[in-house]
Protein chains: 2
Amino acid sequence: MKSDSAIAQEATMLPIAMIAKQLGLADEEWEPYGRYKAKIHVDVLEKMKNHPDGKLILVTAMSPTPAGEGKSTVTIGLAQALNKLSQRAIAAIREPSLGPNFGLKGGAAGGGYSQVLPMSDINLHFTGDFHAITTAHNLLAALIDNHLYQGNELHIDPDRVTWRRVLDINDRSLRQVAIGLGGRGNGVTREAGFDITVASEIMALLCLVENATELKDALARMLIGYTYENVPVTVSDLGVQGALAALLKDAIHPNLVQTIENTPAIIHGGPFGNIAHGCNSLIATQMALKLGEYVVTEAGFGADLGAEKFFDIKCRRGQLEPSAAVIVATVRALKYHGGIPKKDLTIEDLAAITRGFANLAHHARIVSEYHVPFVIALNRFPTDTDAELAHVEKLCAEHGFRVALTEVFAKGGAGGMELARAIMETIDHSEMSFAPIYDVEQSLLNKIEIICKKVYGARTVQFTDVAKRQLADCDRHGWSNLPICMAKTPYSFSDNPSLIGDVQEFTITIRDIRPSLGAEFLVCLTGDIMTMPGLPKHPHALKVDLDESGQVTGLF
Amino acid sequence: MKSDSAIAQEATMLPIAMIAKQLGLADEEWEPYGRYKAKIHVDVLEKMKNHPDGKLILVTAMSPTPAGEGKSTVTIGLAQALNKLSQRAIAAIREPSLGPNFGLKGGAAGGGYSQVLPMSDINLHFTGDFHAITTAHNLLAALIDNHLYQGNELHIDPDRVTWRRVLDINDRSLRQVAIGLGGRGNGVTREAGFDITVASEIMALLCLVENATELKDALARMLIGYTYENVPVTVSDLGVQGALAALLKDAIHPNLVQTIENTPAIIHGGPFGNIAHGCNSLIATQMALKLGEYVVTEAGFGADLGAEKFFDIKCRRGQLEPSAAVIVATVRALKYHGGIPKKDLTIEDLAAITRGFANLAHHARIVSEYHVPFVIALNRFPTDTDAELAHVEKLCAEHGFRVALTEVFAKGGAGGMELARAIMETIDHSEMSFAPIYDVEQSLLNKIEIICKKVYGARTVQFTDVAKRQLADCDRHGWSNLPICMAKTPYSFSDNPSLIGDVQEFTITIRDIRPSLGAEFLVCLTGDIMTMPGLPKHPHALKVDLDESGQVTGLF
């Protein structure tokens, strides 16, 4: 099969003006960024508030292998397939992070015949949203250090500044740094560090607000550290939320592009899936619901992490009512969770699939806990055998799961017709009514236990001494009625990535609790979470080039 | 008089598509960024290479006061005035840096009735050029540190890495930092630092190349440090020039906007005026020369710094033939250089003007050294008295200088008609032929002495021991035939900012020489040059806001 980039080059993009027109947008409601990218004004949401919403479909997955199971590809392919069935469908997905493109592998936003275009632009600077977030984040950091330097009226303890800096670059050397060296004129000396931009709280909150006013309020709420007297200090104490919001004036508008089959795609925001909620912006999803009959969106990792946060954080916040979910499964992930080592995943093994199916069934139970009907998308890979695919279908039937084989990578929308029909029928016949799994008014301990036990299947939850103290602090500061954002490995239901399959009888350890007061959730960390990746020995940057005609090569 | 922002809000912008069309650009030759900004494809230069060039007018100035003398405003006003005289004139100017907008004062690109629009956009992220440079610069830094961490095959001495990091933020705390703390997994521990993005060598070289191929070659040449054996290491040794160029694929295209009177303005690049050459990109100037009958451009600071570098670095590189120069003078700058303290500059003082005139006359001599005819633009400020203005005109007449009173801030193009007519006549009657002041084949010592003596008027040039060693190193490494880029205070012809007027009999001390091998010049530093500004006690960020309708307020 052709490479993603060869496929992209052969595609015929429509002018973005035509895509905008097909969506019913007036000229003054969107702005072009080049000929094939646009921003839709956030005001359109307010204008269309009495317009009925389309149906929201969440694409989630079983626990992935480290190579990924093609969730974005299924998301894009399903939107294309729905269009082929004459439904006005829109894909709503995350913006990719620039930094990792130059690390282990190149960029991507879908793949094969289910990708969004123009791929190079989307993977590089796109419309500048991430750069705006980086700038706002680092301006705040500079303003905090300037406050320390200029007399520190707020009495901020330099050792308890919690606000770090960010870059959209994989740069391990910046994880932990000392700043303000070289004498008094260079500021207050202290330890600091950089995360990758997708880990910025500004990224998370931009993806959870609905307009410029909410954006500014959320920025004002952000915690930046503590005083010597242990009083929390927020952006509003510095009074610079307006300046930060000004830097985000364009980033708040969602981006419109198209798939390789000219299906509209709204791509906006991309918060981390561990220390944040891992899905595209609420504004983008709401906009798509106003403009489309069906909206296909995705959440990071498996249902334990991505769907849980999508339902409990994003849907709760935006009062979204998901109509159905797609759970992506692959033969290789089923074999992986059946205990087959990574190097042997291409060898036919029906018994391993049977064993690994317990993992998929657990994800299906999670989705059902939220009263959302689902279809399993069996996402075909070239190494899958017919016997394996038939075996998965048989197991699904035994469990009463509706399953659809998808070949969207190789065939585009045509490869997703079965899934599209299955989803439409499932939505039509469902009488379920979505509800989050916990109530925000419950105690922090209760909320954490509900997620760990009802979603992950843990037997017990334990807290480190640090986390216990932080729980008490959260209560004391009045932060207890926020939703929980769990940071956990995506490879296991437990906090140990090597415990694959449908692990039972395990204990989850909460080791750290970080308040994201702007985004309005409490991050509970389990295990080690890396917020600034490094580059490998032979970084992908070595393969990327710009040819004489100004075209990027080797990026994906 | 109304504020800049009130004036901007009352202006009627034309759709950028109309401005592009007026310039004769076909639809496929430019791309919109919103409705009022565009990028012109760099390929247009190649397509139009046989098209005759317009006339190039450089706007420079006498030694400024710290408040600035309105050079950008005169540049924009003169382009507007030429248009009023039915000449197709284009302003070619620098992109403003984002960081300083949140520091001492807000943004600007001209002012009053001579400004470019949309002002907020131009002062914030504009079309993302600076963010692309920041990203490419920091990706290179991450790749260097990753090389050190992954075995250091090139044998780079961690203590002799010369490549720093950049942010478009005023952040003094990052001037000097220690990176790679926290153990082996976080990279090699070493001292490092951040500059502001406009100080990036990538900014400088982007402004001196003519196409994507030259861009990649220039990136490949950049010096990043030295091996343990004292051998220079360049980007080509790492093999990542392609990745850096890919990040600059859009940044290489110049930006098209309009002035408040709908005169086209090409705004592209903005290198520092001290450690770099301080003018907009060569591509922008060349593009403007192909599209316009007159191109009005500017260079940083006074003629000693800005015009010298414009002539000796940029014009030499691009084989540009400037037709004339405008030297901006103000009553307040004349009084300042006549010895009047800043607080008394609004008091009428003809004697001080007479004394300060020597400074202006010196700048006029500098321009004449390059065989470029000039007109003095006497840029009117509200506090100037009629007697003072008449006195300046009398002194100009005595010196044989053509002078034109400009009121472009208060009156727009209408306030620059006298200057426009004077410049057109000067060009028509001139028989001069531009030539740089030194030959690149001369020795480094000779070239430095020519600039210091013939341009600045120094009696002697001395070198620190470090600089002497660096001179010898440059010879040894074969870098001697590069042009010189002097980093010197703009407030004096000497390297001491307090020696105002037309200082005589002074000595210049060269204390450091830094090779910019990608940009192809050797930076000679005199005095202390700050490459990362700090924020003041009450930063302008406190005044900037985003209102409910999504409009930025308080920025300028």
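The values are calculated or read from the model by the stated rules, or taken from the named source; none is laboratory data. Predicted model only: the values in this text are computed from it and were never measured. Note: ideal-geometry Cβ built from the backbone for every residue, glycine included; neighbour counts use all protein chains shown. Quick note on the areas: whole protein, heavy atoms, side chains included, nothing else; ligands and nucleic acids left out. Shrake-Rupley method; radii C 1.70, N 1.55, O 1.52, S 1.80 Å.
Look at A:ILE450 and say whether it is assigned to a helix (DSSP H, G or I) and of a type outside the set (D, E, K, R). Taking the combined requirement at face value, the residue satisfies it. All but one of (1) within 21 Å of the chain's Cα centre (by Cα); (2) crowded, with 24+ Cβ neighbours inside 10 Å; (3) assigned by TED's automatic domain parsing to the domain that holds A:LEU98 hold for A:GLY273; state the number of the condition that does not hold. Checking A:GLY273 against (1) within 21 Å of the chain's Cα centre (by Cα); (2) crowded, with 24+ Cβ neighbours inside 10 Å; (3) assigned by TED's automatic domain parsing to the domain that holds A:LEU98, the one that fails is (2). Restricting attention to the range B:169-186 and to residues that are open to solvent by 20 Å² or more (accessible area, probe 1.4 Å) and in a loop (DSSP other than H, G, I, E, B), the residue that is farthest from A:ASP145 (Cα to Cα) turns out to be B:GLY183. Please indicate, with yes or no, whether at least one residue in the range A:516-535 is of a type outside the set (A, V, I, L, M, F, W, C), in a strand (DSSP E or B) and open to solvent by less than 30 Å² (accessible area, probe 1.4 Å). Checked against the condition, which is being of a type outside the set (A, V, I, L, M, F, W, C), in a strand (DSSP E or B) and open to solvent by less than 30 Å² (accessible area, probe 1.4 Å), the range A:516-535 yields at least one hit.
Suppose we keep only residues that are of a type outside the set (A, V, I, L, M) and without any contact (Cβ under 8 Å) to a residue 60 or more places away in the chain within the range B:415-439. Which one would you say is farthest from B:ILE313 (Cα to Cα)? The selected residue is B:GLU418. Listed conditions (1) in a helix (DSSP H, G or I); (2) more than 10 Å from chain B (Cβ to nearest Cβ); (3) open to solvent by 10 Å² or more (accessible area, probe 1.4 Å) are all met by A:ALA218, apart from (3). Residue-level check: of (1) assigned to a loop (DSSP other than H, G, I, E, B); (2) in contact (Cβ under 8 Å) with a residue 24 or more places away in the chain; (3) among the charged types (D, E, K, R), A:GLU153 misses just (2).
Kindly provide the set of residues from the range B:82-115 that are assigned to a helix (DSSP H, G or I) and either over 30 Å from B:PRO52 (Cα atoms) or open to solvent by 20 Å² or more (accessible area, probe 1.4 Å) (or both), ordered by number.
B:ASN83, B:LYS84, B:GLY99, B:PRO100, B:ASN101, B:PHE102
Looking only at the range B:163-170, decide whether some residue is under 22 Å from the mean Cα position of the chain (by Cα) and among the basic types (Lys, Arg). Taking every residue of the range B:163-170 in turn, at least one turns out to be under 22 Å from the mean Cα position of the chain (by Cα) and among the basic types (Lys, Arg).
The set of residues from the range A:483-523 being aliphatic (A, V, I, L, M) and in contact with a Ser or Thr (Cβ under 8 Å, 6 or more places away or on another chain) comprises A:MET486, A:ALA487, A:LEU499, A:ILE500, A:VAL503, A:ILE508, A:ILE510, A:LEU517, A:LEU522, A:VAL523. Those residues that are under 17 Å from A:HIS337 (Cα atoms), in a helix (DSSP H, G or I) and β-branched (Val, Ile, Thr), I need them from the range A:367-404; list them, please. Result: A:VAL392, single match.
The set of residues in the range B:500-537 being within 14 Å of another protein chain (Cβ to nearest Cβ), out of contact with any strand residue (DSSP E or B) (no Cβ under 9 Å at 6 or more places or on another chain) and at pLDDT 95 or above consists of B:GLY534, B:LEU535, B:PRO536, B:LYS537.
Just to be sure, is B:GLN241 buried (at least 20 other Cβ atoms within 10 Å of the Cβ), within 14 Å of another protein chain (Cβ to nearest Cβ) and without any contact (Cβ under 8 Å) to a residue 24 or more places away in the chain? So B:GLN241 does not fit the description; no.
Note on the range B:454-467: residues that are in contact with a strand residue (DSSP E or B) (Cβ under 7 Å, 6 or more places away or on another chain) and closer than 26 Å to B:LEU320 by Cβ total 1.
Screening the range B:159-168 for residues that are out of contact with any Ser or Thr (no Cβ under 7 Å at 6 or more places or on another chain) and open to solvent by less than 20 Å² (accessible area, probe 1.4 Å) and picking the one that is nearest to the other protein chains (Cβ to nearest Cβ) gives B:ARG165.
The single condition from (1) more than 21 Å from A:LEU542 (Cα to Cα); (2) out of contact with any helix residue (DSSP H, G or I) (no Cβ under 6 Å at 6 or more places or on another chain); (3) among the hydrophobic types (A, V, I, L, M, F, W, C) that B:ILE179 fails is (2). B:LYS543 meets each of the listed conditions (1) away from chain A (no Cβ under 14 Å); (2) touching a Gly at 6+ places or on another chain (Cβ under 6 Å) apart from (1). In this structure, B:VAL233 does not satisfy being at pLDDT 95 or above and not in a strand (DSSP E or B). The set of residues in the range B:296-312 that are of a type in the set (Asp, Glu) and part of a strand (DSSP E or B) contains only B:GLU298. Being surrounded by 13 or more Cβ atoms within 10 Å (Cβ to Cβ), aliphatic (A, V, I, L, M) and either closer than 16 Å to B:GLU31 by Cβ or at pLDDT 95 or above (or both) is the requirement here; does A:ALA8 meet it? No.
Would you say B:ALA303 is over 24 Å from A:ASP121 (Cβ atoms) and away from every other protein chain (no Cβ under 14 Å)?
yes
Inside the range B:317-327, residues that are under 21 Å from B:ALA276 (Cβ atoms), over 16 Å from the mean Cα position of the chain (by Cα) and open to solvent by 30 Å² or more (accessible area, probe 1.4 Å) make up a count of 1. The residues on offer are A:GLN442, A:GLN462, and the sole one that is assigned to a strand (DSSP E or B) and open to solvent by 20 Å² or more (accessible area, probe 1.4 Å) is A:GLN462.
Among the residues of the range B:142-158, those identified as facing another protein chain (nearest Cβ under 7 Å) and within 23 Å of A:HIS131 (Cα to Cα) are B:ALA142, B:LEU143, B:ASP145, B:ASN146. Scanning the range B:418-448 for residues that are in contact with a Phe, Trp or Tyr (Cβ under 8 Å, 6 or more places away or on another chain) and among the charged types (D, E, K, R) yields one hit, B:LYS447.
A single member of B:THR134, B:THR189 is open to solvent by 10 Å² or more (accessible area, probe 1.4 Å), within 9 Å of chain A (Cβ to nearest Cβ) and under 26 Å from A:TYR33 (Cβ atoms), and it is B:THR134.
For the range A:11-29, the set of residues classified as open to solvent by 40 Å² or more (accessible area, probe 1.4 Å) and among the small types (Gly, Ala, Ser) consists of A:ALA17, A:GLY24, listed by residue number.
The residue that is surrounded by the most Cβ atoms within 10 Å (Cβ to Cβ), counting only those in the range B:119-129 that are at the interface with another protein chain (Cβ under 9 Å from one of its Cβ atoms) and at negative phi, is B:THR127.
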